[in-house]
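The structure appears below as structure tokens.
The values are calculated or read from the model by the stated rules, or taken from the named source; none is laboratory data. Everything numeric here is computed off the predicted structure, so don't read it as measured data. Backbone-built Cβ (ideal geometry, glycine too); neighbour counts: all protein chains shown.
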Amino acid sequence: MIDRLINTMKDLLCPPGSGVFTVNTAKERKAELGKLLYPNSQNIQDSWEQSLEVLAQQKVTNLLGICSDCGGGILRGANWGPLFIRLKLLETLSINKEFFDLGDIRVIPHLLHDKYLNPETLKSCKNALYGSKESTHSVSPLSITEEFLDIFYETHPKKTIFALGGDHSVSYPLVKSYLKAKKKSGTKVGLIHFDAHTDLLVDRLGIDLCFGSWTTHILDGLDSPTLCYQIGIRSSGKPKEHWEKTFGLTQYWSSDVFKRGAMEIAHEIIDKLTVDKVEEIYISFDIDALDVKYASSTGTPEADGLEPHQAIIIIQELQNHFKLSGADMVEVAPFLRTDIEAVTEPETTLNSAAIISKILIKGLNRYGNL
Ligand SMILES: [Mn+2]
């Protein structure tokens, strides 16, 4: 079982920071990350493959990069999130001992999900990724992520994943596999979704799994949509009541957080999840939940958003009451920026993402990962 997982990882994943298919772009940054993760290595591919052999014994959470922005569609560039956020985590926050790096999902940047592909394209992409047209592996980033995580959780049901996106569509396979695993172990879970947007379209121009529609389709996997809480919403064509009535979830818009305070909101969610007998939670964090002052290097920056400390209070209070057993940080696009006075980008956005990622990683490590 463990061998099967490691062999699958060698097929479906690549070394940390290598998920964007490129020859020269950001070459120095990749080398820098390689040095930080494998200090004495002559060959990153070999060092990464060797490191996978000790996965089973690791007691910390597992970091997974998904460099896909094919599910985005306004300004792309979140494919660079995993490389840049890792560097920030390691260089500024020095937390290399607090996570085990699984590497990045292999990404064909033109693909989203295998269900959108015809048989010829599937075959030629299988050939490109795995050297055989007859391979049984998936080829699109969302499909590969789900395939990998299903085997990961089957092999190690108590281990946790902290994922770096990618546009927000990557949370669809991340949360889907997580929910399947939790259902199997009989664990009741809630989903906490930080975002400026609801991501509750049924489809966008006919595509059902994208950054604007992933939440709609993940609700089916929860015991009840009432176990989903969205925080930080402010850019929406329809009022809160519409979304709550249509989908059955609960929203705290960023104006609610400013009016009532982060602590009060956190405790209202905690009380409701407690009544519903939830044991564990997943937190999906779209960086645009934060105000544009703290996060402008993203595809759809929005004003009037959360202050980082408000998000942190809510995350920490939730972690004090429920086991955090899955989390992601998405939509950080370091090559994008909005010109705002006195804000240096992408450093500001990367710092915000790294600080919140660190809190999520510590939360995931709190109850062990074995
Ligand atoms: Mn989102």
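Which of the residues that make up the range 323-348 are crowded, with 17+ Cβ neighbours inside 10 Å, of a type in the set (Val, Ile, Thr) and more than 16 Å from GLY77 (Cβ to Cβ)?
Scanning the range 323-348 gives a single hit, VAL343.
State all residues of the range 78-127 that are hydroxyl-bearing (Ser, Thr, Tyr) and either within 27 Å of ASN369 (Cα to Cα) or assigned to a loop (DSSP other than H, G, I, E, B) (or both); if no residue qualifies, say none.
Residues satisfying the conditions are THR92, SER94.
With the structure loaded, tell me whether ILE356 is within 16 Å of the ligand (Cβ to nearest atom) and either among the acidic types (Asp, Glu) or crowded, with 17+ Cβ neighbours inside 10 Å (or both) or whether it fails that test.
yes
Could you tell me whether any residue of the range 63-77 is surrounded by fewer than 23 Cβ atoms within 10 Å (Cβ to Cβ), modelled with pLDDT under 95, of a type in the set (Gly, Ala, Ser) and in a helix (DSSP H, G or I)?
No, there is no match, as no residue in the range 63-77 is surrounded by fewer than 23 Cβ atoms within 10 Å (Cβ to Cβ), modelled with pLDDT under 95, of a type in the set (Gly, Ala, Ser) and in a helix (DSSP H, G or I).
Residue-by-condition table, conditions (1) of a type outside the set (Asp, Glu); (2) in contact with a strand residue (DSSP E or B) (Cβ under 6 Å, 6 or more places away or on another chain):
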residue	(1), (2)
LEU87	yes, no
PHE100	yes, yes
LEU112	yes, no
LEU122	yes, no
LEU142	yes, no
GLU147	no, no
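Working only within the range 128-165, note down all residues that are assigned to a helix (DSSP H, G or I) and of a type in the set (A, V, I, L, M).
Those that are assigned to a helix (DSSP H, G or I) and of a type in the set (A, V, I, L, M): ALA128, LEU129, LEU142, ILE144, LEU149, ILE151.
Within the range 1-38, which residues are within 17 Å of HIS156 (Cβ to Cβ), buried (at least 19 other Cβ atoms within 10 Å of the Cβ) and out of contact with any His (no Cβ under 8 Å at 6 or more places or on another chain)?
Scanning the range 1-38 gives MET9, LEU13.
Collect the residues in the range 291-310 that are touching a Gly at 6+ places or on another chain (Cβ under 7 Å) and within 12 Å of the ligand (Cβ to nearest atom), keeping them in residue-number order.
Across the range 291-310, the qualifying residue is only GLY299.
Scan ILE270, ILE312, ILE281 and give me the residue that is more than 19 Å from the chain's Cα centre (by Cα) and either touching a residue at least 40 places away in the same chain (Cβ under 8 Å) or in a loop (DSSP other than H, G, I, E, B) (or both).
Within the list ILE270, ILE312, ILE281, the selection yields ILE270.
One line per residue, one yes/no per condition, for (1) within 13 Å of the ligand (Cβ to nearest atom); (2) closer than 16 Å to SER325 by Cβ:
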residue: SER169; (1), (2): yes, no
residue: ALA181; (1), (2): no, yes
residue: HIS193; (1), (2): yes, yes
residue: ALA196; (1), (2): yes, no
residue: ASP199; (1), (2): yes, no
residue: ILE207; (1), (2): no, no
residue: CYS210; (1), (2): yes, no
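Name the residues in the range 166-179 that are touching an Asp or Glu at 6+ places or on another chain (Cβ under 6 Å) and either assigned to a strand (DSSP E or B) or among the hydroxyl-bearing types (Ser, Thr, Tyr) (or both), would you?
Of everything in the range 166-179, those that are touching an Asp or Glu at 6+ places or on another chain (Cβ under 6 Å) and either assigned to a strand (DSSP E or B) or among the hydroxyl-bearing types (Ser, Thr, Tyr) (or both) turn out to be SER171, SER177.
Is one or more of the residues making up the range 197-215 in contact with a Leu (Cβ under 6 Å, 6 or more places away or on another chain), more than 29 Å from TYR367 (Cα to Cα) and among the hydroxyl-bearing types (Ser, Thr, Tyr)?
yes
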